[in-house]
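Novice: First the structure, which I've put down as structure tokens, then a few questions once you've had a look.
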Amino acid sequence: MIHIENLKYKYQGAKHYVFDNFSLDFEDNNIYGLLGKNGTGKSTLLYLISGLLRRTAGTITVDGVDSSRHQAETLEEIFLVPEEFDLAPMTLEAYVKLNKPFYPRFSRDILESCLRDFELTPDIHLKELSMGQKKKVYMSFAMAANTKLLLMDEPTNGLDIPSKSQFRKVIANNMADDRTMIISTHQVHDVESLLDHIVMLDRSQILLNASVADICEKYNFEFRSLGEPQDDVLYSEPSVQGNAVITRKREGDEDTTLNLELLFNALTKHAL
């Protein structure tokens with residue numbers, strides 16, 4: 001479990017804190033969506049959890065251990081995929097040989113499975129790849145590292161539409177029962193089918209912290225034409241299909257598909 005209590009953090013030279021007395025827990029064995037507008041602290045929070053940034057005050061522990069202490073036993077169970085990165089000009093085989101000793105549970109079978117799903121082969125040279133292909137390779141290695149905690153910052157940025165579908169397949173096929181994943185993104189449609197739990201940030205405050213099951217048990221997400229009744233609508237936005245609406249779930253209503261973008265807009269406008 002990740003436990004964050006009374007976190008305070010600001011960048012050197014900044015006037016304002018990114019987080020000020022911020023507290024949050026991430027439970028084991030879930031895929032979390034960490035959502036919010038740009039500048040709300042999503043990426044910063046991932047770097048703080050991984051120990052790559054040092055908090056100003058407060059506590060952050062991963063399975064009871066302060067991640068900023070950089071203990072080997074903790075670091076071998078954490079993998080962070082940043083939004084921007086580069087890979088050394090070497091073969092994938094050389095890259096794996098260099099990096100897999102840091103991850104005792106590394107699985108070559110998972111690596112090759114992910115590469116197949118991304119339509120890549122193990123004999124590639126990293127310097128010959130496009131940025132989108134490098135991202136696929138890096139995410140494949142991240143899955144194969146088999147860490148208990150996997151952090152991904154805007155993983156679908158730079159991927160085309162078919163590659164985003166491949167990404168969802170890779171995650172769904174290789175998510176182990178003992179793994180917790182936190183996906184930070186503002187491109188919610190790319191990941192919403194994968195998520196178990198939603199954490200929404202607004203101005204570095206928690207706007208929502210709830211499981212997908214609880215959200216869908218409370219609300220309906222649907223489309224209504226202009227002529228349909230609107231008196232039970234809590235929030236509405238125009239769309240090409242009519243109005244995208246949120247209503248409160250009533251007894252006997254069938255489950256509807258979560259619309260995260262609509263939910264986020266409704267919450268930021270204090271409609272729910």
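Novice: For residue 204, which sequence-distant residues (separation of 5 or more, or a different chain) have an amide H within less than 5 Å of its own amide H, given hydrogens modelled in the peptide plane?
Specialist: none
Novice: While we're here: Using DSSP, restrict attention to beta bridges with both residues in the chain and report what percent are antiparallel, rounded to the nearest 5.
Specialist: 65
Novice: Something else now. Roughly speaking, what is the centre-to-centre gap between the range 166-206 and the range 1-65 when only Cα atoms are used, to the nearest Å?
Specialist: 16
Novice: Residue 91 to residue 63: FRET efficiency via 1/(1 + (r/R0)^6), r the Cβ-Cβ distance, R0 41 Å, to the nearest 0.05?
Specialist: Efficiency computed from Cβ-Cβ geometry: 0.75.
Novice: Which far-off residues, 5 or more places away or on another chain, put their amide H under 5 Å from the one on residue 249, with H placed in the peptide plane?
Specialist: For residue 249, whose amide H was placed from the backbone, the distant partners under 5 Å are 219, 220.
Novice: For 262, 7, what's the fewest-to-most ordering of other Cβ within 10 Å of each Cβ?
Specialist: 262, 7
Novice: Let me ask another. What residue among 178, 253, 231 has the largest mean-square fluctuation in a Gaussian network model of the chain, using Cα springs under 10 Å?
Specialist: 231
Novice: Which of the lysines could be linked to residue 169 by a straight reach, that is with a Cα gap under 29 Å, when you skip same-chain ones fewer than 8 residues away?
Specialist: 37, 42, 97, 100, 127, 134, 135, 136, 148, 218
Novice: Another one. Starting with the fewest neighbours, write out 114, 216 ranked by other beta-carbon atoms found within 10 Å of each beta-carbon.
Specialist: 216, 114
Novice: Can you list residues whose amide H is under 5 Å from residue 154's amide H, if they're 5+ apart or on another chain and H is modeled 1.01 Å from N?
Specialist: 184, 185
Novice: Through the Karplus equation 6.51 cos²θ - 1.76 cosθ + 1.60, θ set to phi - 60°, convert the phi angles of the range 111-116 into ³J(HN,Hα) values in whole Hz; use x for Gly and Pro.
Specialist: So the J values, rounded to whole Hz, are 4, 5, 5, 5, 4, 4.
Novice: Work out how much length residue 71 to residue 251 would gain on full extension: take 0.36 nm times their residue separation and subtract the Cα-Cα distance, in nm to one decimal.
Specialist: Computed gain between residue 71 and residue 251 is 59.8 nm.
Every read-out reported here was derived from the displayed coordinates using simple, explicitly stated rules and does not represent laboratory data. All values reported here derive from a predicted model rather than from experimental measurement. Quick reminder, even Gly has a Cβ in these numbers, built from the backbone with ideal geometry, and neighbours come from all protein chains shown.
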